[in-house]
Amino acid sequence: MHRICLLTLLVAASPLAAQEAIGPETFPPPVDAAVAPPTADAATIASPGSDPAAVAVTGNRSGENAVRQAGDAFGTSIGRETIGLYNKDSVRGFSPVIAGNVRIDGLYFDPIVQPSSRTTRTTTVRIGLSALGSPFPAPTGVVDYKFRRPGDKAAASAILNANSWNTIGIEFDAVVPVADHFSLGLGGSANHEDYFNSTIADKIEGTVIGRWRPSAAVDILPFASVAYTTLDDDGPVYLPAGDVLPPRLPRRVPIGPQWARRRGIDVFGGLLADWNIASDWTLRGGLFRSSQATDRSYTNLIRNIQPDGSASHRIIADPRLSFASTSGEVRLTHGIEDGPRHHQFHAAVRGRIANRRFGGSQVVELGPTTLGSFSTVPRPDFTFGPQQRDKVRQWTVGLAYEGRWDGVGELSAGLQKTSYSKSVGLPGAAPQVTKSNPLLYNITAAAYVGRRLVVYAGAVSGLEESGIAPGNATNRNAALPAISTRQFDIGLRYSITPAVKLIAGAFDIRKPYLNLDANNRYGELGEVRNRGIELSVAGPLTPTLSVVGGAVLLWPKVTGEAVALGRVGDRPVGAISRRLEASADWRPAFAPGVSFDMRVSHRSPETSSVSSLVAIPTRTIVDIGGRYAFRLAGHGTTLRLQIANLFDLQGFELANASVYRQIQGRVLKAYLTVDI
């Protein structure tokens, strides 16, 4: 806390800050012209390159503001801020990341590790209308990262951050022109993280991005990013005895043991390339390598928790684990202009080769404990077992069409043939092999009803990953077979004003239901159907006030033999029937350079057990914050302060079926961004 107070006082007292404060009309400009609130009327459906996912520019990071730059309430991350109903881990009741629905600049990517802000600046969840303009959509929606592309001019941005839990860190990004047609993007960060559950992590990261443009038609970007976690406590998860919630959990109390720490390295690298072959032909490609290796890892379980807080403590230790995937896409696009009609034809090849080494874990019983107690059990001598290996090979060939008729509507359709195989086995034993070769489809149509209203409907099928079995399952870390999924949605977008958009839609998604069975084995238990209604309003209401608000009403249901026999409840684990989000940013005319913001997040009870008998209660969390924009030695600078969980609400986050973590308590955050 003292670091934040000192930082605030120094900046506020600076004569330069007082003399060079920027008024509301000259706040740091938007990160990119494309991320400003849309001003086109409803007769233009934005493509991925013209929405809030446009790349934030190094040397202009002080202008990052998710509320001001979000195009809808469905999920936007810009720099250090994330707002909206959805995020990369949860869309319409499912996880696009687990499903494999991740893109970088619209190109297929299989993330073992998620890209950081060193390589990407913004993240957008694409569902409904926002998926138009991006061929080959997927059920559950798509998470689209926008890559940071170094420009032609030298620039830099630095961010200092701290919070009241003694977290402190620094980030730095720079663009260095090397030659007329070649520039470098360099980035680095160092952070000491002190988390809400009193675990800690020290992490350093470095990134280099090259951008070579040998001609006006060719753009080539090789890149590499390495993150090294030098110290990382694995925080506890809590498992109550029976179908009940845990009692109140202690906050900011380390539980140990001190030796349950790990070191690991994450690597993300590859190549992006664009070639405008001719005015009507474009070839795009992306090749990505994503890997993670840990020398040892631990799952920290507080089990059999009783109402009085007594429990048992278990550690599950894993030997060296490695996960790696090489993935990418090559796409050829042909455009035809026919007066008011615009056509694009796409041919694409996607693929991934993924390898995992896992298993061989050892269970260590630390004995009886009570909530909040610190374990001093000495580190045992581990004897690990043989490890399993799994290999995934997937290749997909797709054809797609996108058409737009000015003043009439849009049509997007595609077919994909995919070949998927996975083999899992122990060394020296015959592997178990699963294969799937489905034909996938997508079709979405939108019609312009006047200049303000767009209506749309779509259907899409997919073949998705199921992730891996959780740490508390008997088959922990096991990779699960791919599953077939399908989605139908309809909706509309209405321009309340040229800059304020209302989006409303309904959806129906069906997938196999995977969770823990009676033997604590993670696998398929039936089918889950999520039907819902979603609503978004976003844009500037006045020159000084911008809002982003949304709501989701969900009717989830599990069906199948296990439900009929009473072994599984009819609501899926993690189901939340009602979610409301509202964010606002206000720049008062009487306080030049100052803005205030607030976020209110409400959700109804969350089903937390396979039986559907237990739910995390309703909760509402409020965050408040502000910015002060000024010039420091002639450089655009923003001081950002925020109080998260203002009313210090206590409760639980669901880690898995009947497995809980405590929610983050109140914390004061601060960061200072300087653009050069």
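The values are calculated or read from the model by the stated rules, or taken from the named source; none is laboratory data. Note that the structure is predicted; figures quoted are calculated from it, not measured. Using ideal geometry, Cβ is built from the backbone for each residue, glycine included, and neighbour counts are taken over all protein chains shown. Areas reflect the complete protein model, heavy atoms only, side chains present, ligands, DNA and RNA absent. Shrake-Rupley method; radii C 1.70, N 1.55, O 1.52, S 1.80 Å.
Looking for something modelled with pLDDT of 95 or more, farther than 30 Å from Ile468 by Cα, assigned to a strand (DSSP E or B) and under 28 Å from the mean Cα position of the chain (by Cα) - is there at least one such residue anywhere in region 520-534? No, every residue in region 520-534 fails to be modelled with pLDDT of 95 or more, farther than 30 Å from Ile468 by Cα, assigned to a strand (DSSP E or B) and under 28 Å from the mean Cα position of the chain (by Cα). Can Ser327 be described as of a type in the set (S, T, N, Q), at pLDDT below 95, touching a strand residue (DSSP E or B) at 6+ places or on another chain (Cβ under 7 Å) and open to solvent by less than 40 Å² (accessible area, probe 1.4 Å)? So Ser327 does not fit the description; no.
Looking at region 187-218, which of the residues that are more than 23 Å from Pro257 (Cβ to Cβ) and assigned to a loop (DSSP other than H, G, I, E, B) is least open to solvent (accessible area, probe 1.4 Å)?
Within region 187-218, the first condition is being more than 23 Å from Pro257 (Cβ to Cβ), and the residues that meet it are 187-191, 204-218.
Now drop any that are not assigned to a loop (DSSP other than H, G, I, E, B), which leaves 216-217.
Details: Ala216: 111, Ala217: 31 Å².
Here the residue is Ala217.
Taken over region 536-568, the residue count meeting the criterion of being in contact with a helix residue (DSSP H, G or I) (Cβ under 9 Å, 6 or more places away or on another chain), surrounded by fewer than 20 Cβ atoms within 10 Å (Cβ to Cβ) and in a loop (DSSP other than H, G, I, E, B) is 3.
Per the conditions (1) touching a residue at least 24 places away in the same chain (Cβ under 8 Å); (2) touching a strand residue (DSSP E or B) at 6+ places or on another chain (Cβ under 9 Å), the sole criterion not satisfied by Val600 is (1). Scanning region 87-101 for residues that are of a type outside the set (S, T, N, Q), open to solvent by 10 Å² or more (accessible area, probe 1.4 Å) and part of a loop (DSSP other than H, G, I, E, B), we see that the one that is nearest to Thr123 (Cα to Cα) is Lys88. Selection within region 625-662: residues that are out of contact with any Ser or Thr (no Cβ under 8 Å at 6 or more places or on another chain) and not in a strand (DSSP E or B). The member of this set that is nearest to Val573 (Cα to Cα) is Gly651.
Count of region 379-408 residues, restricted to those that are of a type outside the set (Val, Ile, Thr), in contact with a Phe, Trp or Tyr (Cβ under 8 Å, 6 or more places away or on another chain) and in a loop (DSSP other than H, G, I, E, B), is 3.
Total residues in region 663-676 satisfying the condition of being in a loop (DSSP other than H, G, I, E, B) and closer than 22 Å to Arg251 by Cβ: the figure is 4.
Can you tell me which residue in region 390-435 is nearest to Arg350 (Cα to Cα), limited to those that are modelled with pLDDT under 90 and open to solvent by less than 70 Å² (accessible area, probe 1.4 Å)?
Here is the first cut: in region 390-435, the residues modelled with pLDDT under 90 are 390, 422-435.
This time we only want the ones that are open to solvent by less than 70 Å² (accessible area, probe 1.4 Å), so: 390, 422-425, 429, 434.
Numbers: Asp390: 20, Lys422: 17, Ser423: 20, Val424: 23, Gly425: 26, Ala429: 31, Thr434: 20 Å.
Filtering region 390-435 for residues that are modelled with pLDDT under 90 and open to solvent by less than 70 Å² (accessible area, probe 1.4 Å), the one nearest to Arg350 (Cα to Cα) comes out as Lys422.
Against the condition touching a strand residue (DSSP E or B) at 6+ places or on another chain (Cβ under 9 Å), more than 22 Å from Ser322 (Cβ to Cβ) and not in a strand (DSSP E or B), how does Arg493 come out, does it pass? Against the criterion (touching a strand residue (DSSP E or B) at 6+ places or on another chain (Cβ under 9 Å), more than 22 Å from Ser322 (Cβ to Cβ) and not in a strand (DSSP E or B)), Arg493 does not qualify. Screening Asn304 on (1) modelled with pLDDT of 95 or more; (2) more than 30 Å from Arg404 (Cβ to Cβ); (3) surrounded by 20 or more Cβ atoms within 10 Å (Cβ to Cβ) shows it passes everything except condition (3). Quickly run through region 598-630 and pick out the residues that are more than 30 Å from Thr673 (Cα to Cα), open to solvent by 20 Å² or more (accessible area, probe 1.4 Å) and of a type in the set (A, V, I, L, M, F, W, C). Scanning region 598-630 gives Val610, Leu613, Ala615. You will find that of Arg493, Arg486, the residue that is under 23 Å from the mean Cα position of the chain (by Cα) and either open to solvent by 40 Å² or more (accessible area, probe 1.4 Å) or of a type in the set (D, E, K, R) (or both) is Arg486 and no other. Scoring Tyr448 on the criteria (1) more than 16 Å from Arg126 (Cα to Cα); (2) open to solvent by 30 Å² or more (accessible area, probe 1.4 Å); (3) not β-branched (Val, Ile, Thr) leaves a single failure, condition (2). Scanning region 510-535 for residues being polar (S, T, N, Q) and open to solvent by less than 30 Å² (accessible area, probe 1.4 Å) gives a total of 2. Could you please find all residues in region 569-597 being surrounded by fewer than 17 Cβ atoms within 10 Å (Cβ to Cβ) and of a type in the set (A, V, I, L, M)? Residues satisfying the conditions are Ala584, Ala589, Ala591. Close Cβ contacts (under 9 Å, 6 or more residues apart or on different chains) running from residues in region 88-103 that are β-branched (Val, Ile, Thr) to residues that are outside any loop (DSSP other than H, G, I, E, B) and open to solvent by 40 Å² or more (accessible area, probe 1.4 Å) comprise Ile98/Ile468.
In region 146-164, the residues that are aromatic (Phe, Trp, Tyr) form Cβ pairs under 8 Å with partners that are in a loop (DSSP other than H, G, I, E, B) and crowded, with 19+ Cβ neighbours inside 10 Å, at six or more places apart or across chains, as follows: Phe147/Val55; Phe147/Asp105; Phe147/Thr119. Cβ-Cβ contacts under 9 Å between residues 6 or more apart (or on different chains), taken from a first residue in region 241-252 that is of a type in the set (D, E, K, R) to a second residue that is open to solvent by 60 Å² or more (accessible area, probe 1.4 Å), are listed as Asp243/Leu613; Arg248/Gln650; Arg251/Gln650. When restricted to residues that are closer than 14 Å to Ser375 by Cα and outside any strand (DSSP E or B), region 298-316 contains 0. The number of residues in region 161-184 being crowded, with 18+ Cβ neighbours inside 10 Å and either out of contact with any strand residue (DSSP E or B) (no Cβ under 8 Å at 6 or more places or on another chain) or within 18 Å of Ala216 (Cα to Cα) (or both) comes to 1.
From the list Leu184, Leu239, Leu221, which residue is under 27 Å from Gly75 (Cβ atoms), of a type in the set (A, V, I, L, M, F, W, C) and part of a strand (DSSP E or B)? Steps first, please.
Details: Leu184 fails: under 27 Å from Gly75 (Cβ atoms); Leu239 fails: under 27 Å from Gly75 (Cβ atoms).
Result: Leu221 is the single residue among Leu184, Leu239, Leu221 that is under 27 Å from Gly75 (Cβ atoms), of a type in the set (A, V, I, L, M, F, W, C) and part of a strand (DSSP E or B).
Might you check whether a residue that is open to solvent by less than 20 Å² (accessible area, probe 1.4 Å), over 32 Å from the mean Cα position of the chain (by Cα) and at pLDDT 95 or above occurs anywhere in region 368-378? Quick ask: steps written out before the conclusion?
Our first condition is that a residue be open to solvent by less than 20 Å² (accessible area, probe 1.4 Å); within region 368-378, this holds for 375.
Keeping just the survivors that are over 32 Å from the mean Cα position of the chain (by Cα) gives 375.
If we keep only those that are at pLDDT 95 or above too, we end up with none.
No, there is no match, as no residue in region 368-378 is open to solvent by less than 20 Å² (accessible area, probe 1.4 Å), over 32 Å from the mean Cα position of the chain (by Cα) and at pLDDT 95 or above.
The set of residues in region 635-662 that are in contact (Cβ under 8 Å) with a residue 60 or more places away in the chain and either under 30 Å from Pro247 (Cβ atoms) or out of contact with any strand residue (DSSP E or B) (no Cβ under 8 Å at 6 or more places or on another chain) (or both) comprises Gln650, Phe652, Leu654, Ala655, Asn656, Ala657, Ser658, Val659, Tyr660, Arg661, Gln662.
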